[in-house]
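So the structure is just underneath, and the comments pick up after that.
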Amino acid sequence: MANHHTVVDLRSDTVSQPTDKMRQRMANAIVGDDVYGEDPTVNELEARTAAIFGKEAGLFVPSGTMGNLLAIMVHCHRRGTEALVGDLSHIFLYEQGGASHLAGVQLATLKNEQDGTFSLQELRRRIRHDDCHEPITSLVVVENTHNICGGKVVPLAFLDELAALVRQPGVGTGNARIALHMDGARVFNAAAALGVGVERICRDFDSVSICLSKGLSAPVGSVLVGTKAFISEAHRLRKALGGGMRQVGILAAAGLVALEEVVPLLGKDHERTKRIAQAIYELKSPNITVDLETVQTNILLVEITQPKLTASEFSTRLGTIETGEVDAGVADKSGAGIVVKASARDWAFARLVLYHQVDDEQVELAIRKLKYVIGQYDQRWPRA
């Protein structure tokens, strides 16, 4: 790889950087001991976030993983209860089984459809009845937007039907109502795509976890929102998980800027994502493609249709500058080569994620690199 190059990092919106305004607000934040509830900046962030979501109270936590775990612990307060989640959900795949490891809660999975939903008929069938042999179904979790499904926005009609289902008389065990939690790490992206407020999206959910450190550019933190009683219990359990922080208003200050200045810009991230998708689609490659109709927010799944090529190999190639590449015009305006960082595991796709710092210039550089690399594969494996 050349020593002189420019990097377009599209691995995740978690690599976003705090803005200059965030750094200024953090430096000047008025702070106190948050464990005592005396940090005014944290209190402001929690109250403002709760109000935006139409909930009674909020709790600032170090991560979305902790926010989701706290929701499970509060809603499934008896060990041995069960939560129903999608089989492609972040809670099930990427949170180290914390529900069972730390909360004593069993996760049962429902097959996620391509749009991030799951079968409500199957959900109804899987809800446990009042049987001493079975765990008690206490919670259903929805992820919105849905990461592994490609940043899909879960339809409002599905959310409404889900809420109506779990609130039907006789659903659940005894008189207990099944709770609804939304892993809303990117729920502001869903709102931007739908053109509605997050309050509408989360209207029927008992709790929501909102990430500030992904596409919203804050350096650390999520906010969990719900009723006052729910947040009171979550606050207590946060301490048990090691999440009791002190003068953490320094971090919460960045979250306030995220709500004020970054949230309104998410639509631009979506437009830039679609621009990259369109450029790949127009190549009509027999080996690498995208489904334009499924590109809704800031996440793009680049499908690998060539069986001789893996997503990891494609990702590695995007991060490499080969001899002759710069001479072929794959360079920035200063003549530096281009490195594009993408996510790839054992998937049939590579994932590209945009965020606040990926501007129009970086989008064009990414497109230049992608076209060149895909063209190389098309020369190796031309259309049959």
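Using R0 = 25 Å, the C-beta based FRET efficiency linking Arg345 and Arg380 works out to 0.60.
Need one word for the chain: rounded, prolate or oblate. Basis is the Cα gyration tensor (sqrt eigenvalues a ≥ b ≥ c); a/c below 1.5 gives rounded, then a/b vs b/c decides. Note, shape of the chain comes out oblate. To the nearest 10 degrees, how steep is helix 266-282 against the longest Cα principal axis of the chain, on a 0 to 90 scale? That works out to roughly 40 degrees.
Listed by chain and number, the lysines whose C-alpha is less than 26 Å from the C-alpha of Lys274, apart from same-chain residues fewer than 8 away, are Lys152, Lys214, Lys284, Lys333, Lys341, Lys369, Lys371. Local charge sum around Phe314 (other residues, Cβ-Cβ under 15 Å, Lys/Arg +1, Asp/Glu -1)? Charge balance near Phe314 sits at +4.
Placing dummy labels 7 Å off each Cα toward the beta-carbon, the span from Thr323 to Leu93 is 3.9 nm.
Look at the dipole of the chain built from charges on Cβ: of Ala164, Ala258, Gly98, the Cα furthest out on the positive end belongs to Gly98. Relative to the dominant Cα principal axis of the chain, helix 156-166 is inclined by about 30°.
Between Lys333 and Ala229, the contour length at 0.36 nm per residue exceeds the Cα-Cα span by 31.8 nm.
So what's the back-of-envelope 222 nm ellipticity for the chain, counting only DSSP H runs of four-plus at -39500 (n - 2.57) apiece and dividing by all residues, rounded to 500?
On the way: 14 runs with 139 residues, N = 384.
Rounded to the nearest 500, the figure is -10500 deg cm²/dmol.
Computed with a 1.4 Å probe over protein heavy atoms only, the accessible area of His77 comes to about 140 Å². For the pair Lys111 and Leu292, how long in nm is the line joining their label points, each one 7 Å along Cα→Cβ? Going by the 7 Å Cα→Cβ label model, 3.0 nm. Partners of Lys239 within straight-line reach, counting lysines whose Cα lies under 23 Å from its Cα and excluding those fewer than 8 residues away in the same chain: Lys55, Lys228.
Protein heavy-atom surface of the chain, 1.4 angstrom probe: 49% of the accessible area is carbon and sulfur, with nucleic acids and ligands not counted.
The angle between the Cα long axis of helix 360-380 and the main principal axis of the chain comes to about 70°, on a 0 to 90 degree scale.
Rounded if a/c is under 1.5, else prolate if a/b is larger than b/c, else oblate: which is region 273-327, with a ≥ b ≥ c the root eigenvalues of its Cα gyration tensor? All intermediate terms of the calculation are to be shown ahead of the outcome.
Values: a/c = 1.87, a/b = 1.49, b/c = 1.26.
Because a/c hits 1.5 or more and a/b exceeds b/c, region 273-327 counts as prolate.
Rounded to the nearest 0.05, the FRET efficiency derived from the C-beta distance between Val15 and Ser100 at R0 = 25 Å is 0.25. Taking every alpha-carbon pair under 8 Å whose residues sit at least 6 apart, the chain reaches a relative contact order of 24 percent.
The values are calculated or read from the model by the stated rules, or taken from the named source; none is laboratory data. What you see is a predicted model; the values in this text were computed from it and never measured. Cβ sites come from the backbone with ideal geometry, for glycine too, and all protein chains shown count toward neighbours. Side chains are part of the model used for accessible areas, which takes the heavy atoms of the whole protein and leaves out ligands, DNA and RNA. Shrake-Rupley method; radii C 1.70, N 1.55, O 1.52, S 1.80 Å.
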